[in-house]
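Before any comments, here is the structure.
The values are calculated or read from the model by the stated rules, or taken from the named source; none is laboratory data. Small disclaimer: the values here were computed from a predicted structure and weren't measured. Backbone-built Cβ (ideal geometry, glycine too); neighbour counts: all protein chains shown. In case anyone asks, the SASA skips ligands and DNA or RNA and just uses the protein heavy atoms, side chains included. Shrake-Rupley method; radii C 1.70, N 1.55, O 1.52, S 1.80 Å.
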Amino acid sequence: MSPSSSAGTGTLITVAPTGAEHAKADLPQLPTTLDEVVETAVRCQAAGASLIHLHVRDGSHAPTLDAGFLRATVDAVRAATDLVVQLSTGGSVHDPLETRLTVLDAEPDSCSLTCGTTNFGDDVFLNPWPFMSELYVQAQEREVVPEFELFDLGHVHALARLLDTHGLPFGGKVHVDFVTGVPGGMPATTAALMAGVAMLPAGVTSWSATGIGRGHLPVMAAALSAGGHLRVGMEDNVVFRRGQVVAHNDELVARAAELATLMQRPPLTCDETRDLLAIKDRRGA
């Protein structure tokens, strides 16, 4: 099955509601508390999302990889919704590698796995091969499905190396997300995205794309037209249209769902997404 045909007739819409970069003081509507994250998850599922990509904040709204905060967030979102719960293993660019490896202790359904180091604005997002390899093996052992985050074309090559070295992930499906438009990574253009898609190894069964900032809509349209899936959310884009700041993540999800439906690829349900990604059902466990 080719990556472009694996989408079938529906679209996986991922919402990334918070991230690690934006400050609560600048964006009071950014969901950072547990109650806000759960409320966001419920509304975004209703709007068409089937997977939530979570960065967690502490009591002062700062990014954290504290095990208690992570576990509480996973449990609360899982109890309130049917969303596939994915935790970021990137944390913030300042988190040490050994701490990032502890994210799987919170037993998410899925985790992000970035396939290489990249310049990230003025910082460096560090993902050396030994860290990537260890995270991948731990995810296999714990039956957590990774989403391979690709910020540049070299990351596509690193993904192929991971698959060649360690075999398929738990469940046998390989889902990747192209993150475009980060200063230092691949640009948020149709040409760049299609170059990445053309390089995907044969084992990839589905792919999605994220456009940062102004690249949000062009990348969304390009992904849908090429059989890909979508990631939206305030982690990646806080402007809904020129002169209008996003008031709630469900606005971005609803727009993605509307465009996907117009393209005759309506949003996948949470159960359909679990099947697409071969997610282990931890609900009620």
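Of 129, 207, the order by accessible heavy-atom surface (1.4 Å probe, DNA, RNA and ligands excluded), from most exposed downward, is 129, 207. Rolling a 1.4 Å probe over the protein heavy atoms gives the stretch 158-270 an accessible area of 39 Å² per residue. Over all orientations, the stretch 128-285 has a Cα convex hull whose mean projected area works out to 10.2 square nanometres.
The calculated FRET efficiency for the pair residue 199 and residue 82, based on their C-beta separation and a Förster distance of 41 Å, comes to about 0.75. Accessible area ranking (1.4 Å probe, heavy atoms, ligands and nucleic acids excluded), largest first, for 173, 24: 173, 24. Calculated mean residue ellipticity at 222 nm for the chain: -11000 deg cm²/dmol, from DSSP H runs with n ≥ 4 weighted as -39500 (n - 2.57), summed, divided by the residue count and rounded to 500. In the stretch 182-263, the alpha-carbon atoms span a convex hull of 101 Å³ per residue. In the list [x] 23; [y] 49; [z] 36, the label attached to percent of Cα pairs over 29 Å apart as derived from the coordinates here is [x]. Each principal axis of the Cα atoms in the stretch 1-160 has its own extent, and those three values, largest first, are 40, 39, 31 angstrom. For the chain, the carbon plus sulfur part of the accessible surface works out to 56%, probe radius 1.4 Å. Dipole magnitude for the stretch 132-285: computed about the Cα centre from +1 point charges on Lys and Arg Cβ and -1 point charges on Asp and Glu Cβ, it is near 300 debye.
For residue 71 and residue 165, the FRET efficiency from 1/(1 + (r/R0)^6), where r spans their Cβ atoms and R0 equals 30 Å, is about 0.50.
Excluding ligands, DNA and RNA, the accessible surface per residue across the stretch 28-152 is 36 Å² with a 1.4 Å probe. Here the label points at residue 23 and residue 245, each 7 Å from Cα along the C-beta direction, are separated by 1.2 nm in the simple model. Roughly how far apart, in whole Å, are the Cα centres of the stretch 257-285 and the stretch 16-60? Each part's Cα centre sits 20 Å from the other's.
Over the chain, what is the relative contact order in percent, taking alpha-carbon pairs closer than 8 angstrom and at least six residues apart? Reported as a whole number, the value is 25 percent.
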